[in-house]
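S.K.: Handing you this structure, nothing more for now.
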């Protein structure tokens, strides 16, 4: 395996596998990992037609154990301005992951701590091992989970976020599933592979542009009052989709009892 901190493998069919590749460090974040992930996510965003599904995983026994201790030690002398710039790199990387137009899936085994748990929250779908160990551990270091908080709060809501941010309590995959942080919980790697295959089948049955718009629709609608303005917004959204190339192709395929072009 390459000694690169992050690996990207794109299959001919269009499945991108992004692997954090520091197994000896339990895939802990450092500046190199954050920069590599950020660059890869931007590359995937710029090539939506070539990639239909993005899988995010960690090499070895853990998904990601959060911040690397050596990296944290090297930043110990930073002043507030330096720290803000450093944190912005992580915030930018997470936003690029969240904004990807493709369906994104986190495949979590072992530890998912701090920023690692943030990656899980920023993905559309989480698949976690039942015995995974997940924690928003920042308060144990005198810090707060600031950069990952927008994605965690959207995933599990403010009440659980306050409880887990404040306590730093660890929880397993089953608990993550019941909170909504993960959508699938599996007992072993064989089951995880089965879920991967299931999600790939779903992804390749969908129209790429419609997936991107559906993800944006959630952000546009979540938390808004259900009023006339929202009704107008949603009516315009579906009308735009109906007259789009994908919308016309999808309807034609349905009426002609054939697969649409993106599913062939």
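S.K.: Return yes or no: is residue 184 in the same structural domain as residue 95 (by TED's automatic domain parsing), within 30 Å of residue 11 (Cα to Cα) and in contact with a strand residue (DSSP E or B) (Cβ under 8 Å, 6 or more places away or on another chain)?
M.R.: yes
S.K.: State all residues of the stretch 154-179 that are under 19 Å from residue 106 (Cα atoms) and surrounded by 14 or more Cβ atoms within 10 Å (Cβ to Cβ); if no residue qualifies, say none.
M.R.: 154, 155, 156, 170, 171, 172, 173, 174, 175, 176, 177, 179
S.K.: For residue 40, state whether it is in the same structural domain as residue 198 (by TED's automatic domain parsing), in contact with a helix residue (DSSP H, G or I) (Cβ under 7 Å, 6 or more places away or on another chain), at pLDDT 95 or above and crowded, with 20+ Cβ neighbours inside 10 Å.
M.R.: Spelling it out, it is not the case that residue 40 is in the same structural domain as residue 198 (by TED's automatic domain parsing), in contact with a helix residue (DSSP H, G or I) (Cβ under 7 Å, 6 or more places away or on another chain), at pLDDT 95 or above and crowded, with 20+ Cβ neighbours inside 10 Å.
S.K.: Sticking with this one: Which residue pairs have Cβ atoms under 8 Å apart, sit 6 or more places apart or on different chains, and have a first residue in the stretch 218-237 that is in contact (Cβ under 8 Å) with a residue 24 or more places away in the chain and a second that is surrounded by 10 or more Cβ atoms within 10 Å (Cβ to Cβ)?
M.R.: 222/154; 237/213; 237/217; 237/220
S.K.: Does residue 103 meet the test of being in contact (Cβ under 8 Å) with a residue 40 or more places away in the chain and either surrounded by fewer than 20 Cβ atoms within 10 Å (Cβ to Cβ) or in contact with a helix residue (DSSP H, G or I) (Cβ under 8 Å, 6 or more places away or on another chain) (or both)?
M.R.: Yes; evaluated as a whole, the condition is true for this residue.
S.K.: Considering only the stretch 120-153, how many residues are surrounded by fewer than 17 Cβ atoms within 10 Å (Cβ to Cβ) and closer than 25 Å to residue 198 by Cβ?
M.R.: Total satisfying the criteria: 2.
The values are calculated or read from the model by the stated rules, or taken from the named source; none is laboratory data. Predicted model only: the values in this text are computed from it and were never measured. In this analysis, Cβ positions are derived from the backbone assuming ideal geometry, glycine residues included, and neighbour counts consider all displayed protein chains.
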